[in-house]
Amino acid sequence: MHVFTRNSDIHNALANDKRLSKSIGFVPTMGALHDGHIHLVKKALEVCDCAVVSIFVNPRQFNNANDLAMYPRTLENDISLLEKVDCHYLYAPDESEVYQNEGIQDWDFGNLMKTMEGEHRPGHFNGMLSVVHQLLSIIQPHHLFMGEKDFQQAALVRCLLGSHHKEIEFHLVNTVREPDGLAMSSRNVLLSPNERKLAMMIPSALKKLAACSDLTSCVQEITSVSEGLSNSGIKVDYLQLRNEEGLEEITHFRGAERYRIFFAGRVGKVRLIDNMPLSLSQNTR
Ligand code: AMP
């Protein structure tokens, strides 16, 4: 695997591949890689001739200085995980290289950007969209791979592709989970053993709600499930039923839409998010 830290170096290497008509798949990450990330890389390798992974802990998307300071950084281990799956390129720039002379950009994708994580992490999506836009401009991939775990992020990046990078094909990749159901996350290593046990209540809660036979019972159960999490010591930011299209909160049946349950909250000091699609047999009331 080739490891680059300079925009011009990765750009030149990829220009060569593109001249040879090779397709480029891109997986942006913040490192501390786990099997969820590697699953995305494997998908990129299935679809494309070359896979590029970026590792960049983007300060502009952290709305909390402590969260940024605590974020795990494991570059040596990340490199060996990527080499094991025969990833072609790792791009690991520093902040000045990524942003060059770009000032802060203001993105506006309406309610999709303001709700859920937009509300609870002010500035987060603006920083995320800025870095993804910069990285896409440097790498100019044919395909982009992102995880369903960060569903709202993926929805916003889809909007970004629609407005600024129409030529890139988007792939949403399913969430990889630990055996007890907890969604893999770089932040999981920050959980104490007790917090780790508590955290498995999150996927259990989502699974219970996702299995509701109709929307009314799902909406009715949300309050008691949320209270159950809170009473166990999880600080729930939100546990909500939303439609997939616009991420609007749903309180009653609205027709043949796809629905999903979204969770965000804190276990100890560690903020976790997760979501699951509703498995209604028909979209029934
Ligand atoms: P991150 O390093 O947390 O910014 O994540 C980089 C990419 O990996 C994003 O597209 C995430 O949605 C995706 N990702 C993170 N965790 C998982 C997981 N457990 N399963 C699948 N994809 C994931």
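Rule-based calculations on the coordinates, nothing more; no lab input. Not measured: the values here are computed from a predicted model. Glycine gets a Cβ as well: all are built from the backbone with ideal geometry, and neighbour counts include every protein chain shown.
Per-structure values
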quantity	calculated
√(5λ) per eigenvalue of the Cα gyration tensor, segment 217-285, largest first, Å	24, 13, 9
Descending semi-axes in whole angstrom, ellipsoid equivalent of segment 153-285, from the Cα gyration tensor	25, 22, 12
Partner aspartates and glutamates for K208 [C-alpha distance under 17 Å; skip if fewer than 8 residues away on the same chain]	D180, E221, E227, D274
Local electrostatic count, S185, Cβ distance below 12 Å [Lys/Arg +1, Asp/Glu -1]	+1
GNM flexibility winner over the chain from M184, M70, M201 (Cα, springs under 10 Å)	M70
Dipole of the chain [Lys/Arg +1, Asp/Glu -1 at C-beta], most positive-end residue of V270, S230, Y89	S230
Residue-by-residue Karplus 3J(HN,Hα) for segment 232-247, coefficients 6.51, -1.76, 1.60, Hz, glycine and proline x	7, x, 8, 8, 7, 7, 7, 9, 9, 9, 9, 7, 6, 5, x, 6
Spatial separation of Cα centroids for segment 1-68 and segment 137-155, in angstrom	10 Å
Phi to ³J(HN,Hα) by Karplus 6.51 cos²θ - 1.76 cosθ + 1.60 over segment 96-113, Hz, x for Gly, Pro	5, 6, 5, 8, 6, 9, 5, x, 5, 9, 9, 9, 9, 10, x, 4, 4, 8
Cut-off under 5 Å, modelled amide H: who pairs with V173 long-range	M146, G147, E148
Principal axis box of the chain, alpha-carbon based, largest edge first, Å	56, 42, 36
Dipole magnitude of segment 96-222 about its Cα centre (Cβ charges: Lys, Arg +1; Asp, Glu -1), debye to nearest 20	380 debye
Given charges at beta-carbon only (K, R positive; D, E negative), |dipole| of the chain in Debye	440 debye
Extreme residue, positive dipole direction of the chain, given options L190, I202, S54 (C-beta unit charges)	I202
Of K84/K269; K43/K197; K43/K114; K18/K166; K43/K166, those spanning more than 24 Å from alpha-carbon to alpha-carbon	K84/K269; K43/K197; K43/K114
Fluctuation leader among I24, I222, I104 - the chain, Gaussian network, Cα springs under 10 angstrom	I104
Range of Cα positions in segment 128-175 per principal axis (Å), largest first	27, 19, 16
Charge context of I138, other residues only, Cβ under 14 angstrom, K/R +1, D/E -1	-3
